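Working notes for the structure below.
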Amino acid sequence: MMVLWRVVRLPRNGGGVAGRWFFFFFFLPHPPPPSRRLRSPSQHAPAQRSRPAGLNPCAGLNKSSGGGEAASACERWQPDALAQMGWQGEMTSDCDIRNTVGNIPMEWYQDYPHVGYDLDGKKIFKPIRNKDELDEFLDKMDNPDYWRTVRDKMTGADVRLSDEQVDLVHRLQRGQFGDINFKEYEPYIDFFSSETMIHPVTNRPQDKRSFIPSLIEKQKVGKLVHAIKMGWIKPRKPRDTTPQYYDLWAQEDPNAILGRHKMHVPAPKMRLPGHEESYNPPPEYLLSEEEKLAWEQQDPEDRKLSFLPQRFSCLRAVPAFSRFIHERFERCLDLYLCPRQRKMRVNVNPEDLIPKMPKPKDLQPFPTTQSLVYRGHTSLVRSISVSPTGQWLVSGSDDGTVRFWEIGTGRCMKTVDVGGAVKSVAWNPNPSICLVAVAFNESVVLLNPALGDRLVVSATDQLVSSYEEPEEAREQPVQWAAPAGKEHDAGHRLHLAHPKAVRQVTWHSKGDYLACVTPDGGSHQQVLIHQVSKRRTQNPFRRSKGLVQCVSFHPTRPFFFVATQRHVRVYNLIKQELSKKLQANCKWISSMAVHPGGDNVICGSYDCRLTWFDLDLATKPYKVLRHHKKALRGVAYHKHYPLFASGSDDGSVIVCHGMVYNDLLQNPLIVPVKVLKGHAITHDLGVLDVTFHPSQPWVFSSGADGTVRLFT
Amino acid sequence: MGGLQKKKYESGSATNYITRNKARKKLQLSLADFRRLCILKGIYPHEPKHKKKVNKGSTAPRTFYLLKDIRFLMHEPIVGKFREYKIFVRKLRKAYGKAEWTSVGRLKENKPSYKLDHVIKERYPSFVDALRDLDDALSMCFLFSTFARTGKCHVQTIQLCRRLTVEWMNYIVTSRSLRKVFLSIKGIYYQAEVLGQTVTWLVPYQFAHDHPTDVDYRVMATFTEMYTTLFGFVNFRLYQTLNLVYPPKLDCRSEVDLKGEFEEDYAMDSESYLEKLSALSASLARVLNTAEEEEAQIDQFPVEGVDLEQMEAREREQKDQDAHKRLFEDLKFFLNREVPRESLAFVLRCFGAQVSWDKSHCIGSTYDVTDETITHHIVDRPSVDKQYINRYYVQPQWVYDSINCKMLLPVEDYFLGVNLPPHLSPFVEEKDGDYVPPEKLKLMALQRGEKPVAEQEEEEEEEEEEEEDDEEEEEEMDEEEMKEEESLKTIEKQRAQNKVSSVKVTPGKMKTENKVRMEQEEKAEEKRLAIMMMKKKEKYLYDKIMFGKKRTVREANKLAAKRKAHDEASKGEKRKKKTKQ
């Protein structure tokens, strides 16, 4: 079932009375539609009131047919509906086979033999149609009314339109009103006109409620008032009338600096652009291909330039910079997220940082040039020593020989083959004795080189041979032996066989005592002191205090210096006690020398440092010098001149002026005066030993290249 | 001993600093609000001197704020406003949820808002402080004013930024305080001297922005909020100093001139005024309508202790500056449509020129192409169809280079279709030892008043000379070779003769000692030895300084070498062309 509401507003006849309303109801049975379509009532809503009724083009139609269907049809301007209307007009007169299906799409009946139902509810069957194209054509040719014949969809029958109907169609096609008698331009009478009427529109008395105040409104107002009173809602705030911008700094206080501004660090300004940022930079600022590649591979944070310099031939060709917003954003982040710190930038002239030293010229004499090279050794020369007279030089090498040289000429006077790598040589400092101590393997040999004054040589021989065996033989850690025969002829005077390998020998300044170092971590027999005249050996230490590197006697007083890896211990030999322990501040001491005054000690270490101790000051170093690039191997003091030298693996010998004052209040003055180079570096070893001439400001150095050099 | 034991981290630097999270908790703000507050109030983290002490023994990376700063933030009225806003949002959401439209309207009417005036006054107690910090504000506003109105930020912000930047440009034009301009690949840098402070800003080229996704626009918007407030106040004050009306108004005379025919078509009435202002082709109205005052002659007070020379130097400088300000006076420019109009109009007007452009290009044009009195026509295309005889057709770079050079450069290098000379940065001030590009040397020579020698002739001469030199060298080489050969021959002969005697005495040569060289060497060695005796700390510093110096030298050398290679390559090409011809 379907209900169709049709509401049609008919035009007012004359005025005064409101329009009449017609309602049509149809209840019709239908086959189920393929898609149910409900017409919304608004589609058939009456024409708008404001529109003058006379302008409605449907008005005439409504009058002639008197049916609502026609009105809707004319709204949609459907020819079939028109036909239906025409059919109605004609058919009503003779036989009334009115189809009652209503205004539905007739396709719904396509598959049925009937097209609807008549008023009695009987099926209206479709007329039999067997006309083909030819019949159609013949009909068109023969029938004079063919042009005014229309097929009625509701019944399927052909209908011939009457003259009036054809007229109507023509009028409608021309856009005219269907009704011939309708006057389009009748004057419009406005209901609510601008003129005041003397009579009321309605005579209804006013309602009572219009006199009584509204309760609901009162409640509402009360609520609002209460809310305002309680501060729940705020009435509209007054508009801010101050101008947006004004003279903010009108009363400027020049001293108005907030407390926090003391710590204020103003943000640094953006860096100003250089030539490379130009759109047309000089060609040298453009990156080459390799540089570009390197730039691209770098991390964006590591890049020196945040952009690639580019060149454009004209301003028109310059594109937008793609990272513009990024850069501005990063600047914003920097401004509020970057921790700031005030850094004092040192704005010093680098020349001012260099300390003012006395000029080396004023500190002469010191060795400046290499004057002699003593060649002969085939392997590295570990140790050298100068005779107290200053005429001879002894050198011991890894090739197993000890060579004696005349200093002035550079001639090798004598070569003694000892049969083992010579670790250390030491010339007896006593000028009346001509003895050289040579350490190799596990033995120490005292040689008489038989150079120089013959009297001294013979006196030395006599001194050695005048030894008498004591009555009771004492147990000694070292075997003393006096060689004879061939060895005696070669100069060997005494053999001291040690239990372990000897590394260093050193004489006491008197020339009677001789100290040997046999380094061995655990043993307490690391240092042995021999007395040559009595052929006695003593072991001064009962306990080991670490690996002994080198030892030295105090030049004037009975003190004994023992250098272990990190410390230098100073023992009092008479009291037999430790008097001082010096901390070297370095990893591994390699060599040590004692100032002829006896109050200063220098130590060379394998970690490139040279430390100067002033025994009167402290047990810590007075000065640490890091002049060498590589490990130090030897250090030496000059006996008379205020000089000291250090030799290192980097192949250089550095001579420093080291003035020690007698005044106790004045600290030693240390000035490097000369860097001497000459030794070739072989197997990562350079200079192995340095020593000064006893009287002249000359320095000798022995190196890994098998040479001994004299610098004067 | 006695007394209580002092606990660690309860005094000293550990109590002066506060971490960000603690600060946030202390202020009871969300992170976003805290950030906004920091941006507005200019609070930034500090790097403590002893980070480990401040961090209570830990070495974790943390940012620290000064406790004083945070305390200072605590009684900031804006914090209250932030809270109010939070509440407002909550209420609004509730009202929406309940569909109470009247209360929504009421709430919206009472939307809490805050002003930043007091913050600006506090951050910049004096006007000069504000000017000193204007760089970032300018760059940011210029960037925002170029944004499209597509929702990256409020339209009002964009409009405000545009208005403020136009006001700023008008001020610069009127006060003629622009000093330097630089066309970089990022944008155009301008540097002005405003009340004795140099202000530099960067303006992007006029293109639509490709908005990146990894940028937080809220942060930028907060900054812009602060900057627009600052910028507005600064503008107001600056206009006051020049006796100009603020907000700016066009001079009534120029207003009549600018009355265009198609004004209504061009823009709405409200917008066309700003557009006319931004055209920069007219002068501004003054509060007191006095005729343009001549700049008051600066009185000279003889100050004791200041030399006459210094005074003179100052005077000369003043004179130079005045001349620079009047660089383009009496010149009439016309801008073709492909050149960046705003930048050029701004720059030219800053130096006293008259500028115009095609009527259809932009509002505010004052004369036509056909004007006979136009002296310079700025074009950025290879050629122009119709050329007038009595004017120069130059590329835009001429204007910028002339400004940076403080003089009108010869126009020949900047004609249409000519290969432009490099555009140099005016911000680079070379110290001795730095690399100076040859173009800069040439400009400096021009500034000194030396006349540029006709280059081509010179080059040709040079080439000829070089050729001659080459020939000479070749000849010399030949001679040398001949000599060597001769000497070799004699030696061989001698050898052949003296084969018998292996011992030979050759006459010794006099060693000539170069005294100067010796002295230098001695000095160098002394220095080396003294350096060895430096303390560790000083040595470190010294090494660092020397390293930096060496690096600059290396870079300069590299640039010079590159230039040389480039010049040689280009010369070779030229020669090739010549030979082909």
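Observations
- Shielding by partners for peptide B:213-224, expressed as the average number of C-beta atoms from other protein chains within 10 Å of each residue's C-beta, is 3.
- The range B:309-330 and the range A:659-707: distance between their alpha carbon centers, rounded to Å: 66
- Relative protection proxy for B:157-163, B:177-183, from highest mean packing down: B:177-183, B:157-163 (other beta-carbon atoms within 10 angstrom).
- Residues B:Arg341, B:Arg35, arranged from fewest to most other Cβ atoms within 10 angstrom of their Cβ, appear as B:Arg35, B:Arg341.
- Between the range B:374-392 and the range A:211-246, the Cα center-to-center distance that results, in Å: 69
- Per-residue Cβ neighbour rank within 10 angstrom, fewest leading, A:Glu184, B:Glu47, B:Glu10: B:Glu10, A:Glu184, B:Glu47
- The label point for A:Thr556 and the one for A:His170, both projected 7 Å from the Cα toward the Cβ, are 15.8 nm apart.
- The slack between A:Gln251 and A:Ser509, meaning 0.36 nm per residue of separation minus the straight C-alpha distance, is 83.9 nm.
- Peptide packing: for A:573-585, A:689-701, the average count of neighbouring Cβ atoms within 10 Å per residue gives the ranking A:689-701, A:573-585, highest mean first.
- R0 of 30 Å, Cβ-Cβ distance B:Ala556-A:His326: FRET efficiency to nearest 0.05: 0.45
- Here the simple spin-label model places points 7 Å from the Cα toward Cβ, and for A:Gln479 and A:Glu406 these points are separated by 3.9 nm.
- Projecting label points 7 angstrom from Cα along Cα→Cβ for B:Gln310 and B:Asp322 puts them 2.3 nm apart.
- One Cα centroid belongs to the range A:532-555, the other to the range B:197-240; the line between them spans 84 Å.
- Highest-first arrangement of B:403-416, A:384-397, where packing means the average Cβ count within 10 Å: A:384-397, B:403-416
- Neighbour-count order for B:Arg517, A:Arg323, fewest beta carbons within 10 angstrom listed first: B:Arg517, A:Arg323
- As a calculated quantity, the FRET efficiency between A:Glu577 and A:His640 at R0 = 25 Å, using C-beta atoms, amounts to about 0.20.
- Mean partner shielding of peptide B:227-234, defined as the number of other chain Cβ atoms within 10 Å of each residue Cβ, is 3.
- Taking a Cβ cut-off of under 14 Å around A:Gly597, the surrounding Lys, Arg, Asp and Glu residues balance to a net charge of -2, with basic ones at +1 and acidic ones at -1.
- With a Förster radius of 60 Å applied to the C-beta separation of A:Phe192 and A:Asp120, the computed FRET efficiency comes to 0.70.
- Spatially proximal lysines relative to B:Lys276 (Cα-Cα < 17 Å; intrachain offsets below 8 disregarded): B:Lys249, B:Lys259, B:Lys359
- Residue mean of other protein chain beta carbons inside 10 Å, B:538-545: 4
Each reported figure results from applying straightforward, stated rules to the coordinates on display, with no laboratory input. On a predicted model such as this, the values are computed, not experimentally measured, just so you know. In this analysis, Cβ positions are derived from the backbone assuming ideal geometry, glycine residues included, and neighbour counts consider all displayed protein chains.
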